[in-house]
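The values are calculated or read from the model by the stated rules, or taken from the named source; none is laboratory data. Quantities reported herein were computed from a predicted structural model and do not represent experimental measurements. Here Cβ is always computed from backbone atoms with ideal geometry, including for glycine, and neighbour counts include all displayed protein chains.
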Amino acid sequence: MAKKAAVLLTLTLTALLAYAQGQVGGLIEGDTWAYLVSAPEGWVWDGTTLRVQGIRGLFYKAGQAYSPSKLHIYISPTPKKAGGPVGLAQFIVADEASFMRADTGIIVKDLPPYEPGPGYRFELRDFDDRNEDYYQALAYYEGDAAFFIFVLSCRSVEEREAERASFLALLDTFTYIKKEGP
């Protein structure tokens, strides 16, 4: 019990410190997982707009309103379950098979992994749907209890390249937290 209280206090202090430094972000949690994240500079965190879809990590430019057809970043968690993908590689294959490579107008390009610090490795992809003028930068991460997809959604290749540094800055702040069972 004391360990849980110490972890909660540490998380609270970390979130307050991030807020005091002018970063917009905080603790986002599910039943078996949690993470801390901060919005990139010039972006804001919106934890409510896509909550119904299970996304509490939505980010868009400060001063803008969210629109699915405009520049934004979101983090989509998928809890691990029995009979599901075993490992990140299987998860990525299943994700790509579900919609990415189903259309001949879609191109998915594998990029070198991004490793911002000890214990963190993100598998990167670029996704181009030239038929719909829809472009994404994707990052995949495997936690103990969930898989996470980070998506930078853009309307052009040029916008994606201009915002890639912001996307990587968000990945730099991601801190996965393993939740203890009941």
Item to complete: Inspect segment 57-79 for any residue being at pLDDT below 95 and among the charged types (D, E, K, R) and give the result as yes or no.
Response: no
Discussion item. When you check Gly83 against the structure, is it of a type in the set (Gly, Ala, Ser) and closer than 17 Å to Asp31 by Cβ, yes or no?
Written reply: no
Item to complete: Find all pairs meeting these conditions: Cβ atoms under 9 angstrom apart; at least six residues apart or on different chains; first residue within segment 66-86 and touching a residue at least 60 places away in the same chain (Cβ under 8 Å) and surrounded by 12 or more Cβ atoms within 10 Å (Cβ to Cβ); second residue part of a loop (DSSP other than H, G, I, E, B) and among the aromatic types (Phe, Trp, Tyr).
Response: His72/Tyr66; Ile75/Phe174
Worksheet item: Pick from Asp110, Asp133, Asp128: which is buried (at least 16 other Cβ atoms within 10 Å of the Cβ) and farther than 23 Å from Leu27 by Cα?
Response: Asp128
Practice prompt. Pick out the one residue from Ile106, Ile92, Ile73 that is over 18 Å from Glu41 (Cα atoms) and touching a helix residue (DSSP H, G or I) at 6+ places or on another chain (Cβ under 8 Å).
Written response: Ile106
Worksheet item: Tell me, which residue of segment 124-153 that is assigned to a strand (DSSP E or B) and of a type in the set (Gly, Ala, Ser) is farthest from Pro68 (Cα to Cα)?
Response: Ala146
